[in-house]
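Written below as structure tokens is the structure these notes are about.
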Amino acid sequence: MNLGVQYYRPPFPEDKYWEKDITQIKQSGLNTVQLWVLWGWVEPKPNQFIFDDYDRLVKLAEKNGLGVILSAIAEIQPHWIHREVPGSEMVDHMGHKVISSNRRECHFGITPGGCTDNPGVWEHMKHFFTEVVSRYCSAPNLRGWDAWNELRWNVQADGFVCYCDYTLQAFRKWLSDKYGGLEGLNKAWKRRYGSFDEVMPGKLPDGPYTEMMTFERFLTWRANQHAKARYGVMKALDKKHPITVHGASPCTLWPGSMHSYDQALNRGNDWFFADDLDGVGCSSFPKWSNMDDADFAMRVEFVKSAGRDKLVWLSEVQGGRASTGFNIFADVDTLSQQRWIWNGIACGADTILFWCWRDEVFGRESSGFGISGYDGLAEERLAYMKVTGKLVEDYGDLIAKYRPTKPEIGVMFSPQSYYLTWAQEGNADRIMNGLLGYCRSLARQSMPYLVVEEEHLNVLSGLKILFLPRMIVTSEAVEEALAAFVKKGGTLVCESECGAFNPEGIYRYPEDRFTTRLSGVSEVGRRHVKSDHVTATIDGQKLSLGVTQWLTPWQKNKGTILAENEDGALISEVPVGKGRMVLCGTYLGDPYLGSWTEDFEKFMKFTVRKAGWKPEAEVASPKPDKDSFVYVKWGESAGKKMVYVFFPPKQDSVHLRFKPGFFTSKRATDIISKRKIQIQTTETGRECMFNAPDWRFSVLVEE
Ligand SMILES: [Zn+2]
């Protein structure tokens, strides 16, 4: 496992610090350093590459027994790019040529630079990758490559991009392939274009959804293709080392924004990155954005779900206190940081790289982020890191072979629903929040779940239940897969207007939706929300569930009604084939995300159990409440069960229950505290009780 830290973003730190720093990195228990190889920096003049600084750092790391990960930053382009490739500027949505500038997190080199759809720009970029990989692929301490940092391509474009001739040409070619020519496009879009040059991408939100959604989808595909192209060049030269890319967030958390001129998912889709590359990753700054155990775990689960059997890299994890401009943010305390490492391992991360070693010294990030920085906590952080570094070394084999348990609960991620919502609102926040609400309630209750992407549906065969939060857009292919899933015995949980739009953004009347065809029950139409909750009677209990946006009651002609109003059923269960559909006439996930309720967690628990899911492990006590929950993850390594237990503040003991046969032995070792934990056999299975250790989390390995 790579447990490392980002070190060099040229020209900082300056070389006077290198010897001492690299020695100290090794002494603090870390085993890897990451160096940013900036295109703009290493090729200051066309075809003249300067690698002296990297040569020295790679050697210095080797001398100190440290691995190296090279982050090839081609998106920080040389200042000469537009001179060498005239007319290579991106063009924004207003038809303006984009003026590139030094990026705020990079002291030298321009962004966004030339458009990669321009073959001249790509030729130069390819040359950069070729030079870097050729030079370092045989370095004995090379551990791998990050081929694209945070998937940045449009940063500081200061407008929506790209509308240059090359991108328009690529867009039209992609459309023609997708629809089988202009006739097919006209049929699908219900238009009368006479020629492809009349077909323009969407410009801004609140127009017709059709071309905006399609352009967003194209931009996602384009980012995925670009990553694949980078990977192709690098892999041809280095077949030995892993090559990954990582987002600033998992793609599920990239809803787009008018403020930053980002269309939804314009940095690609992690599931497709994982199809093509050796792995996928994300950055995480938990103290900067106030994440708890569930928030952090959800990020890793999103990447892990996308990655499947590929590598999962936590490519930037917060090292020290965040600082931007003249603001400082929450401290990075030692135990929180240790929790992120072990939470990441619990979810299946293969590489963890902290951002960064020293405090930054230029621009808005000055004084921020250094794990060894000046926030007053560095000494303690590094002392604890040494302990974890030793554990990672001692248990390297165990960690390498660990696999989290295979989830049987799925939550759907629907990029098409993001596209449509962005096309209306300029962000897809409400779709993202719906997804997050469901995932968070599962994470807080330690119920293992898989996030299912709408074009990667072969995983459905392993699931008992699939939640479809705010899945307002469905393609025929998705509908067929969902129908097959439910007919074979799966449970499908649909929210209001599930599949109400086709992928071209055209609205379907209730009777024309796949939910109606499948269940024989139709929604009656949109009605006003008169109260912010509905009361559902589930398993003899009355549950109050938060609702939002509108109600779309379902006809009451079939199934069991769990909640209703005067217009119809607000939650009902309808048998379909060997399975069932749960039909909700509103949205339940995002109200829960905004305002915690125990009742929504009960609803989730009831629904998954009714679908035939049984916990392998569960927290018997303490039960989750508004502010705290014991977070448990488990899996197996070389036939041994491993259970990760994270205690919240003020909860000092835990009682865990396991299904019969979960542990084969009567004892487990907490490898963090070195304590032995007794496993009791009971009538219902196995169980154990123990207190929180000093570190406030335990990693149990059965003996
Ligand atoms: Zn372009």
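The values are calculated or read from the model by the stated rules, or taken from the named source; none is laboratory data. Everything numeric here is computed off the predicted structure, so don't read it as measured data. For neighbour counting, all protein chains shown are included, and Cβ atoms are generated from backbone atoms with ideal geometry for every residue, glycine included. For the accessible areas, the whole protein counts, side chains as well, though only heavy atoms, and no ligand, DNA or RNA atoms are used. Shrake-Rupley method; radii C 1.70, N 1.55, O 1.52, S 1.80 Å.
A few notes on this one:
- Whichever residue in region 677-703 is touching a Ser or Thr at 6+ places or on another chain (Cβ under 8 Å) and without any contact (Cβ under 8 Å) to a residue 24 or more places away in the chain and, among such residues, is surrounded by the fewest Cβ atoms within 10 Å (Cβ to Cβ): Asp694
- Among (1) within 16 Å of the ligand (Cβ to nearest atom); (2) open to solvent by 10 Å² or more (accessible area, probe 1.4 Å) - the single one Val121 does not satisfy: (2)
- With respect to the stated conditions, Phe196 is free of Cβ contacts under 8 Å to residues at least 60 places away in the same chain and of a type in the set (Phe, Trp, Tyr).
- Pairs, first open to solvent by 10 Å² or more (accessible area, probe 1.4 Å) in region 129-147, second polar (S, T, N, Q), C-beta under 6 Å, six or more apart: Arg143/Asn2; Arg143/Thr32
- Considering the conditions (1) buried (at least 24 other Cβ atoms within 10 Å of the Cβ); (2) in contact with a Phe, Trp or Tyr (Cβ under 6 Å, 6 or more places away or on another chain), Glu301 is excluded by exactly one of them, (2).
- Identity of the residue in region 483-523, without any contact (Cβ under 8 Å) to a residue 60 or more places away in the chain and among the basic types (Lys, Arg), that ends up surrounded by the most Cβ atoms within 10 Å (Cβ to Cβ): Arg513
- Under the condition of being free of Cβ contacts under 8 Å to residues at least 60 places away in the same chain and either crowded, with 21+ Cβ neighbours inside 10 Å or within 21 Å of Glu360 (Cα to Cα) (or both), the residues counted in region 36-51 number 0.
- Selected residue (only one of Ser665, Ser637, Ser673, Ser628 is under 21 Å from Tyr449 (Cα atoms) and free of Cβ contacts under 8 Å to residues at least 40 places away in the same chain): Ser628
- Filtered by the rule that a residue be open to solvent by 90 Å² or more (accessible area, probe 1.4 Å) and touching a helix residue (DSSP H, G or I) at 6+ places or on another chain (Cβ under 9 Å), region 652-672 gives no residues.
- So Cys137, is it within 16 Å of the ligand (Cβ to nearest atom) and modelled with pLDDT of 95 or more: no
- Consider region 71-112 and keep the residues that are closer than 25 Å to Arg364 by Cα and of a type in the set (Val, Ile, Thr). The one that is farthest from the ligand (Cβ to nearest atom) is Ile73.
- Only one of the numbered conditions (1) within 16 Å of the ligand (Cβ to nearest atom); (2) out of contact with any strand residue (DSSP E or B) (no Cβ under 6 Å at 6 or more places or on another chain) is violated by Gln156, and that is (2).
- Top-ranked residue of region 159-187 - restricted to ones that are among the hydroxyl-bearing types (Ser, Thr, Tyr) and more than 10 Å from the ligand (Cβ to nearest atom), ranked as farthest from Lys97 (Cα to Cα): Tyr179
- Only one of Asp275, Asp292 that is surrounded by fewer than 22 Cβ atoms within 10 Å (Cβ to Cβ), among the acidic types (Asp, Glu) and under 25 Å from Val699 (Cβ atoms): Asp292
- Some residue of region 188-195 being under 26 Å from the mean Cα position of the chain (by Cα) and either more than 15 Å from the ligand (Cβ to nearest atom) or surrounded by 15 or more Cβ atoms within 10 Å (Cβ to Cβ) (or both): no
- Answer residue from region 52-81, given it is assigned to a helix (DSSP H, G or I) and open to solvent by 40 Å² or more (accessible area, probe 1.4 Å) and is farthest from Asp146 (Cα to Cα) among those: Lys63
- On the stretch given as region 357-375, residues that are closer than 10 Å to Phe12 by Cβ and open to solvent by 40 Å² or more (accessible area, probe 1.4 Å) total 2.
- Among (1) in contact with a Gly (Cβ under 8 Å, 6 or more places away or on another chain); (2) assigned to a loop (DSSP other than H, G, I, E, B); (3) hydrophobic (A, V, I, L, M, F, W, C), the one test that Val121 misses: (2)
- Tabulated pairs, region 168-184, first closer than 15 Å to Glu198 by Cβ and open to solvent by 40 Å² or more (accessible area, probe 1.4 Å), second within 13 Å of the ligand (Cβ to nearest atom) and not aliphatic (A, V, I, L, M), C-beta under 8 angstrom, 6+ apart or interchain: Gln169/Asp117
- In region 607-634, residue nearest to the chain's Cα centre (by Cα) [restricted to those that are surrounded by fewer than 18 Cβ atoms within 10 Å (Cβ to Cβ) and of a type in the set (Gly, Ala, Ser)]: Ser628
- Taking the numbered list (1) part of a strand (DSSP E or B); (2) among the hydrophobic types (A, V, I, L, M, F, W, C); (3) over 31 Å from the mean Cα position of the chain (by Cα) in turn, Val521 passes all entries but (1).
- Set Ala306, Ala346: member being under 20 Å from Trp145 (Cβ atoms), aliphatic (A, V, I, L, M) and touching a residue at least 40 places away in the same chain (Cβ under 8 Å): Ala306
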